[in-house]
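The structure appears below as structure tokens.
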Amino acid sequence: MTKLNLTRRVMMAATAAAMSLGAPAFAGGHQVAESIHFLIPGGAGGGWDGTARGTGEALTKSGLVGTASYENMSGGGGGKAIGFLIENADSNHGTLMVNSTPIVIRSLTGVFPHNFRDLTLVSGTIGDYAALVVGKDSPVNSMEDLLAAYDADPGATAIGGGSVPGGMDHLVAAMVMESAGKDALGVKYIPYDAGGKAMAALLSGEIAALSTGFSEAVDLA
């Protein structure tokens, strides 16, 4: 089987008009922002949610930011959040949105009308490996087992993910099947609103495997 090196990258972005973080103070020789607000384009428990909250915690504990607040705005695979931030830039000073490869892909393919280029990259935060995982009680114990199940009954071998069809989770599942000589378009992909719900579906047996980030799978295990 062809070895795939699949990674998922997450960045923090903001509109140019919303870059100001308020009047800075100084402590310990460095500039301190009074507050920062994170706009999270997915539901609670997903990778975007964990990235935002982890970043906010690191910034406040380090003393670089006074307080951090969070707002989950799921919908449209990130389209609702990116549209909100762009259209309301003047009133969202001090707001950072979690952005990542799936949102860029959907922007490029026209899934939603807003352009990721209307956001300003502030910082790269994490890089993660993509992974297909199964429940601990699953009869699938290897990639060979999953492929055998897929060959026997493709329709019953559903793969879920915490993003919309055509998003990163779906693309990873399709690429894995394609690398194994299977029909990438034949993958039965079931989308869920964020990784927490997708993991619940995996544990209940609703899906045979979950396409997600490796670190997210570890956190949710």
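If one takes the longest principal axis of the Cα atoms in the chain, at what angle in degrees, from 0 to 90 and to the nearest 10, does the Cα axis of helix 168-179 lie?
Here the helix axis deviates by roughly 30 degrees.
For residue 108 and residue 123, calculate 0.36 nm times their separation in residues minus their Cα-Cα distance, and state this gained length in nm to one decimal. Numbers along the way, then the final one.
Numbers: separation 15, 0.36 × 15 = 5.40 nm, distance 2.07 nm.
Here the segment from residue 108 to residue 123 would lengthen by 3.3 nm.
Of 161, 174, 207, which is farthest towards the positive pole of the range 129-220's charge dipole, taken about the Cα centre with +1 and -1 on the beta-carbons of Lys, Arg and Asp, Glu respectively?
Going by the charge dipole, the pick is 161.
Using all alpha carbons of the chain, what is the percent of pairwise distances in each 5 Å bin, ordered from the shortest bin to the longest?
Per 5 Å bin, starting at 0, the Cα pair percentages come out as 1, 7, 14, 18, 17, 13, 11, 8, 5, 3, 2, 1, 0.
Past 31 Å, Cα to Cα: identify those pairs from 80/188; 136/188; 61/136, in the order given. Don't skip to the answer; put the middle values down first.
Details: 80/188 25 Å; 136/188 21 Å; 61/136 36 Å.
Too far apart for the 31 Å limit: 61/136.
Among 72-83, 174-185, how do they line up from the highest to the lowest mean number of other beta-carbon atoms within 10 Å? Intermediate results must be reported in sequence, preceding the final value.
Values: 72-83: 20.9, 174-185: 15.7.
Ranked from most to least packed, the peptides come out as 72-83, 174-185.
Å³ per residue of the Cα convex hull, for the range 129-220?
Values: hull volume 7.7 nm³, N = 92.
In the range 129-220, the Cα convex hull volume per residue is 84 Å³.
Going by how many other Cβ atoms sit within 10 Å of their own, how do 97, 143 line up, fewest first? Mind showing how you got there, number by number?
On the way: 97 29, 143 13.
Final ranking by Cβ density, sparse to dense: 143, 97.
Convex hull over the Cα atoms of the range 63-123, averaged projected area in nm²? Can you show the working numbers first?
On the way: hull surface 18.6 nm².
Hull-based average projected area comes out at 4.6 nm².
Would you work out the charge dipole size for the chain about its Cα centre, treating the Cβ of every Lys and Arg as +1 and the Cβ of every Asp and Glu as -1, and quote it to the nearest 20 debye?
On the way: 12 positive and 20 negative charges, 76 e Å.
The dipole magnitude comes to about 360 debye.
Under 8 Å for C-alpha pairs, at least 6 residues apart: give me the relative contact order for the chain, rounded to a whole percent.
Details: 440 pairs, mean separation 56.2, N = 221.
For the chain, the relative contact order is 25 percent.
Compute the long axis of helix 47-62 from its Cα atoms, compare it with the longest principal axis of the Cα atoms of the chain, and write down the angle in degrees, 0 to 90, nearest 10.
With rounding to tens, the tilt is 40 degrees.
No lab work stands behind these numbers, since they all come straight from the coordinates. Computed from a predicted structure; not experimentally measured. Every residue, glycine as well, gets a Cβ built from its backbone with ideal geometry; the counts of neighbours run over all protein chains shown.
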